[in-house]
1. Give the calculated FRET efficiency between GLN104 and ALA201 to the nearest 0.05, with a Förster radius of 45 Å applied to their Cβ-Cβ distance.
2. How many Å² of accessible area per residue for segment 84-164, probe 1.4 Å?
3. Please give the peptides 201-211, 187-197, 173-183 ranked by average Cβ packing (other Cβ atoms within 10 Å per residue), highest first, as a rough proxy for protection.
4. Leaving out ligands, DNA and RNA, what percent of the accessible area of segment 66-223 is carbon and sulfur, probe 1.4 Å?
5. Please give the contour-minus-distance gain from LYS211 to ARG52: 0.36 nm per residue of separation, less the Cα-Cα distance, rounded to one decimal in nm.
6. Would you work out which of THR223, GLY208, PHE187 lies farthest towards the positive end of the dipole of segment 169-231, given +1 charges on the beta-carbon of Lys and Arg and -1 on that of Asp and Glu, about the Cα centre?
7. Give, as ranges by residue number, the residues of segment 174-196 whose backbone N falls under 15 Å from the point 7 Å along Cα→Cβ of LEU226.
8. Quick one: accessible surface of ARG52, probe radius 1.4 Å, all protein chains present, in square angstrom to the nearest 10.
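The values are calculated or read from the model by the stated rules, or taken from the named source; none is laboratory data. Note that the structure is a prediction, hence the values are computed from the model and not measured. Neighbour counts are summed over all protein chains in view; Cβ atoms, including those assigned to glycine, are modelled from backbone coordinates with ideal geometry. Surface areas here come from the heavy atoms of the whole protein model, side chains and all, with no ligands, DNA or RNA. Shrake-Rupley method; radii C 1.70, N 1.55, O 1.52, S 1.80 Å.
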Amino acid sequence: MAAGSLSKCIACLKLRSRSSRHARQRRPPFLPRRSLVRLNIHVIDDDEKSLRAIRSSLKGQGQHWQVHFHADEADYLNRRKADAPSCLILELKLAGIDGLDFQQRLRSAGEAPTIIFLTAQGSIPTVVQAMKQGAIEFLTKPVRPTELRAAVQQAEKIESIRWKQREEIRMRRQQLASLTRREREVFALVVAGYMNKVTAALLEINEGTVKIHRRHLMRKFSTTRLTELVRIAAMLGIKRSDESTDDDKRPDKPSKAG
């Protein structure tokens with residue numbers, strides 16, 4: 001296959017992939033724009049020449065980069081830090097391992113880091129499959145140092161946003177756990193759009209009590225906006241009050257006010 005055709009295919013797929021990721025991975029509103037986390041870069045490649053080139057390209061680059069080299073997938077799985085932001089630079093063809101299959105296995109297990117493929121073997125179908133499975137770059141050997149560094153910088157930005165989103169979910173779950181049972185009932189009704197009067201009637205409590213619970217919700221979730229409560233509920237998978245959930249007591253499909 002002509003190198004020019006493969007390069008055009010890769011460029012087109014990367015453009016689509018970045019556009020799609022931008023829509024999915026919006027930065028949490030409380031995060032600073034340039035806040036980065038320490039990135040663990042894992043390289044799986046059994047070619048010594050390639051490893052030397054990668055080591056030289058990444059050496060001294062990025063204050064937040066820590067590079068780990070692995071000869072095979074088993075070494076990577078044993079040494080990786082599952083609780084840390086990670087980027088995986090992966091050779092497509094290794095002894096006893098197919099890069100695309102390994103990528104899919106990581107995805108299926110919910111453990112896929114941001115992946116950059118780096119290989120001397122590539123075809124348009126291979127590139128298409130890799131990008132569809134979430135790879136952010138498909139680089140061909142020999143790779144220019146500037147190209148590799150740019151790919152890792154892109155991975156750093158993606159992982160920074162992704163990791164902080166995980167941290168926000170963890171924090172929001174702790175906040176949810178601090179709610180009383182009544183506050184959780186009010187929370188579910190409020191984010192579903194029910195007015196205070198309707199919420200009070202459904203829960204058979206005073207409207208003033210509902211307002212007090214709403215203030216407690218705002219304080220515990222550190223916000224003053226209803227739209228933010230709705231966003232948090234969606235993040236945590238809080239269902240509408242008229243949908244059945246585990247052992248919560250829910251009203252029978254009430255009508256919403258106005």
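1. According to the calculation, E is roughly 0.30.
2. So segment 84-164 comes to 40 Å² accessible per residue, rounded to a whole number.
3. Top to bottom by mean Cβ count within 10 Å: 187-197, 201-211, 173-183.
4. In segment 66-223, the share of accessible area belonging to carbon and sulfur is 50 percent.
5. Extending this stretch completely gives an extra 50.8 nm.
6. The listed residue farthest towards the positive side: THR223.
7. Only 186-196 pass the distance filter.
8. 140 Å²
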